[in-house]
Structure formats: C-alpha cells, structure tokens
Amino acid sequence: MSGEFEWFIGEDALIGTLISRLKDGSYLIYFPYTMRGIRHIREGRLVAVRNFHSDDTQDRYSVLELVEVQPVHHALGVSPERIKSQFPGFVIEAARSCRMDWEQQEPTEETTVIHAIARPTGIQLSARGNDFDIEQDESVPMVGESVVLLSSSGMERIINYGVEDDYAISPCWHATEREVQIELDARELLETHVGVFGFTGTGKSNLVSTITSHMLNLDWNLRVVIMDYMFEYFPLLADCFLHLDQALLLLDFLGIPGGDTTINALSHPEREDMISNTAQLLVRSMTKPRRLRSEPAVRALEDAMYQCLVERKIRVLLKEPTGERISNELRQIIDRYPERWLGTARHAIETWVEGIATEPFLDAGRLWNLSQELNRYAHNRVFPATMPAPETQERRQLTLTSAPAIRYVEQGEGGIQLSQSAVQCIREMADRLQELSRIWNRAEDIRRAGALDTIETLVRRLNQETEERMLIVFYSESPDSLRATFAEIARRLYDERRARGQNEPPVLLIVDEADEFVPGKALELGRIFENSRAAAETIARRGRKLGLGLCIATQRAGYLDTRMMGQLHTYFISKLPRKYDREVVADAYGIDRSVVDQALHFSAGQWLVISHTATGMRGVPIPAQFQNAEDRVLEGLGLRPSEVR
C-alpha cells in the first residue's frame, strides 16, 4: 500500500481494525491507544479498508471518513449510564488508576483503545502498479481488515478529485488537517446554488466575503450582487472595491445613510471637503468586525471609501416611477387593510390602481396630480364606482375620465360612499404618491452628477456581455426595500435572459438574513414577502440554464421556505443551537441530523461543507476551517494583519 506518492500513514501504532457494520450503515473501528494516536486519529480524517472487490490481481480499498473518535478505558466501561449505576468509590478509584494508562506512548495496555465511528464516502482506491486510481465505491469493506490512515497528501487528492482547475478556488483547509487544502468548484457553486447556515458569531458574513473574493479573483466575467441587510459588506470586501474597476456600493435613496450630507456629496463630486466628510460618515455608520473597528483599520477604510467616492463607485439606487412599480407600491398599502374594512370601495380602488400600471412613466408632476386626485376623493368621502371587473367587461365599453388610462363610470351623482378605513387607505396612498414626487424631484441633482442608478440600468449592466468582473452591493435600512429590490432584480434578470436565450455573463445573487427574503410563510406575511420568495425560488429552480445563481445565508433556517432550500446543492453548516433549525437543514439536504449536530462544537470560522457538485467528495460532509476575511481586507488596505488586534 505504498508508492512514490505517499497515500497512507503506515505506522503500526496507527493501524486499526474494522470491528463491525452498524445499523445506520456506519462502521465501528478499534485503534490501539497511544498519546500520538489520539492526536492523529480525529474526526474528519479519511481512512482506507480493503473491500470485497479485491482479488488476487488487484487490491481495492473503501475510503471511510471518521465522524466520531473517543479514547476508551475498559476498566471503566464504555457506557456512561452504566458507570452512573456503579458504586461511586469503585468508579473513582478505577478512574484514577486509568490515568497512568493514558500516558502510554506505545500500545502496551489492551484495556485502552480508541473507538472510532466511520461513514462511507462512496469512494474507493484501486491499486495500479505503485499508485492508486480514485473510483466510485461499489463494494463494502471487509470486517476484520486493517484500517489505515490516509496521509495529508492522500486526503487532499481524494477531497479535490474532479474539481475543474479553471474554476477551482481554495478558501479553506481541512479543520483537523491544516496541510489539506480544500478546493471548491466556483462554477458549480454558482450554477447549483448555495446555502450558508450558522448562528450569530459563527462568521456567516466572513465566509460569504471569503468565497466572493476568491470567485472574483478567477479569470472569468462573474458578476456578484449582494443584498446587504446590515451595512457590513463594504468593510468585508473593501479590497475588492479597490482593485475591481467595476465595483459599486448602491445606497437606497429612500433611506440613504448620512441623509443630506451624502446626497450633497454625491451631487457635488468636485467638493473634496464634502467627499471626505461623507467617507468618514459612511464608514463609521457601517457594521464592522472587531479588528476592522481598530483605529488604523477605520482610517484605512475611510481612505478606501474616499477613493471609491471619487471614482464614482458609491452611487444611489432609485427605482424609476413606472406605472407598474407605482401600482405595486399602492397595492401593498391596500393589502394592509382587510377586505371587510374597505367594503364595496375595494374593487373601485384596486381598478383605479390597475389603471396606473398601464402608464410607462410617471414624472414628479404626474405623481403629484394623482395624489391630489386621491385627496379629493378622501375629502369628499366618495370614490367613483367602477363597472364590473375587466375580465367580465370589455375595457372599450368603459368611459375615459380625467386621469389617463383610468376608466370608470359614476353610479348616480354620489359614487361609492367611503368608510373611515377606506378614507384612511386612500390618504395613505396619496401621501405615498406625494413622497415619491418629492423624492424624484430631489434626485435630479444626483442624476445630473452621474451618481444615480435605476434597476433598469443595473440589470442592463449585469446582462451586458463584456469580459469585466463586477461586484455590486446594495444597502438599505428598509427591509421592505431590500425585499422589493431583490425580487425585481431577480425577476428582470430571469425574464430578459429567458426572452433572449442568454446565459452569459454568470451572475450570483447573494441574500444575507435570508429568512427575511424567502420565509416559509410568505403568503401570510404579505405580497412583498411572497414576491421575494417567488423570485428566489425561480432562480433556484430555473436559473442554472440562464447563468443565474443564488446564495442564501441565515441563522434561522427553520423560517425558510423548504422547497427553495431543496434546490441548493451546496451547504455550509456551522453551529445552530436550535434543534428545529438543525432538523430543517438536515431534512432539506436529505442527511441525518447527527451530521448537522457535528457542527455544534465548531469554533468561529469552522464549517461543515457538503456538496453534490462543488467538491471532489460528492455528498460527503467535510469539516473545514475558512480563511479569515479580516486578514485579507487588512492586507488589501495596506496594513499588516499581525499588527492589528
């Protein structure tokens, strides 16, 4: 079992014996106990056992992964429950006498042994001269055969087998074998979608930043769009913002950080004092990990933000007031009122809103006029009555009134009398239209300065078939705005690419705090939640053929839409304290909950990586330690990570 390439660790003291196959399909292995052995024989280690497909001409070895390792002294027994039932004085004395046996450097005492549980990986090694071929395992290991540890180089070759070189990224290493670099197939991550599940403090955003950075460093025209819920991704990707020509931080105009200070700076890019003040204000309002909150790091981030402001990489995103978009906003207001509160006026109000949807563009003046029209109806407590719904009455039979594309006829002189709730609903709609009118007027200065983007221009940029890599981060303090923006970007990308038969360039949509975007009970929460959930499901189900990928990250997997979760082929799993969250993750991926439970003792930055497509070991959980994004960012900002605490 050796050759020029060292596949195995051949020390006798580290060779175990396969004892039996357990009911769940895993295997019980005994290793002789030594201090050195307990340091080498650890969870996640790969081992090889000769299997039943071996014959006189060729040896074949099933590769197993150790998932549980425990030193056992048989003077105490192996069952904690049984120990508890014994006489305490005897147990304590036996435990003390065991202490000397734990110190042994050679396997001399047969009362001590290392118990290990191992699961099949579906991989076998077939001897070929002095080397081995990696193949699919179609046999089972032989009970009683020797169990040999794979070397670090052997593990690395198996774990990364089949990962395409052109799209290979190495953002992590094996959690128990530091020398084993783990490669992931970036193309498969994008095309078959990703889920990141970990509690607060496990490093979800750090992981997303690390993977994003590695993917953007490849030689391809990838575009990444991140929906930033906590205003944290500029600090975690500051190095990418500096070295990428096409990197944008888009701020929601409806809740722009810094308010007028930021607006004035974006409107007057020639004012260096304004730019400097805004850079400080934006950086200090961001969520930053501990080391990036140090004074040297903050100053470096402010310098990076200043440079990005000068280079027009900080822009404002404002949705153009198209009829469809305005009508959707007004429908959300209507949806907040139960049908019985609005009474017979509901259909009339909805038809009025429906008419707005046909208008291609509503400028500030048009929005203001519509708001005044609604205020008149609310003041008079009367709304014009509509004819039967459009599906039962031809539109050409309806009478055109003062508002273009809004059709209704009056019932007598009074129309429909409005309840107090209906009046309140109409006034809310009028207030929203007035607000949008003021916003659009106010945005003109930013538009003239070239710092205004719309969803239409953003989607056009993402679909443009150029060779540029692109990073876009959108931040809003409004969860509803984030949900609506994500839903519209995803829908427009999908619809336009489907209509054109376009699948390049690749676009990865990343959604942090995904339980706010794709909840399982979206219909109960309202139209805006359902639109966001439906958009995510469409990308997850059908995005691959159009070059569209999805990555979701959350600490509350139990709140997610499980249908969408089932479409994600790669999971990154860390500590999830709530049992229900672990059950949902296990069920969605089709693995035993005990696999997810392994992550309960993980430290920050450690993740269980399991993938059907993006790793060499398909469907096999791999414990991994990911690079710390803070180190990369600090280096990118010109600081020494070792000097920043």
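Structure values in brief
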{"read-out": "Some residue of the range 273-286 being open to solvent by less than 30 Å² (accessible area, probe 1.4 Å), in contact with a Ser or Thr (Cβ under 9 Å, 6 or more places away or on another chain), farther than 14 Å from L250 by Cα and among the hydroxyl-bearing types (S, T, Y)", "value": "yes"}
{"read-out": "Which listed residue, of A614, A624, is in contact with a strand residue (DSSP E or B) (Cβ under 6 Å, 6 or more places away or on another chain), in a loop (DSSP other than H, G, I, E, B) and buried (at least 19 other Cβ atoms within 10 Å of the Cβ)", "value": "A614"}
{"read-out": "Residue ID - nearest to the chain's Cα centre (by Cα), chosen from residues in the range 43-58 that are part of a loop (DSSP other than H, G, I, E, B) and buried (at least 16 other Cβ atoms within 10 Å of the Cβ)", "value": "G44"}
{"read-out": "Near pairs, Cβ below 6 angstrom, 6+ apart or cross-chain, from the range 156-183 (without any contact (Cβ under 8 Å) to a residue 24 or more places away in the chain) to any residue that is part of a loop (DSSP other than H, G, I, E, B) and not basic (K, R)", "value": "none"}
{"read-out": "Unmet requirement for A534, which otherwise passes all of (1) buried (at least 20 other Cβ atoms within 10 Å of the Cβ); (2) modelled with pLDDT of 95 or more", "value": "(1)"}
{"read-out": "Matching entry among T399, T344 (being open to solvent by 70 Å² or more (accessible area, probe 1.4 Å) and modelled with pLDDT under 85)", "value": "T399"}
{"read-out": "Condition met for E513 (among the acidic types (D, E) and either more than 16 Å from K204 (Cβ to Cβ) or exposed (fewer than 15 other Cβ atoms within 10 Å of the Cβ) (or both))", "value": "no"}
{"read-out": "When residues of the range 59-84 are limited to those that are open to solvent by 60 Å² or more (accessible area, probe 1.4 Å) and at pLDDT 90 or above, the one farthest from the chain's Cα centre (by Cα)", "value": "Q70"}
{"read-out": "Filtered residue count, the range 232-282, keeping only those that are acidic (D, E), modelled with pLDDT of 90 or more and closer than 24 Å to E435 by Cβ", "value": "1"}
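To keep it simple, each residue is scored yes or no on (1) touching a residue at least 60 places away in the same chain (Cβ under 8 Å); (2) closer than 29 Å to Y377 by Cα; (3) in contact with a strand residue (DSSP E or B) (Cβ under 6 Å, 6 or more places away or on another chain); (4) not basic (K, R).
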{"residue": "I256", "(1), (2), (3), (4)": "yes, no, no, yes"}
{"residue": "E311", "(1), (2), (3), (4)": "no, no, no, yes"}
{"residue": "E324", "(1), (2), (3), (4)": "no, yes, no, yes"}
{"residue": "E329", "(1), (2), (3), (4)": "yes, yes, no, yes"}
{"residue": "L342", "(1), (2), (3), (4)": "yes, yes, no, yes"}
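The values are calculated or read from the model by the stated rules, or taken from the named source; none is laboratory data. Just so we're clear, the structure is a prediction, and the values are computed from it rather than from any experiment. Glycine also receives a Cβ, built like all others from the backbone with ideal geometry; neighbour counts cover every protein chain displayed. The area values use the complete protein model at the heavy-atom level, side chains included, leaving out ligands, DNA and RNA. Shrake-Rupley method; radii C 1.70, N 1.55, O 1.52, S 1.80 Å.
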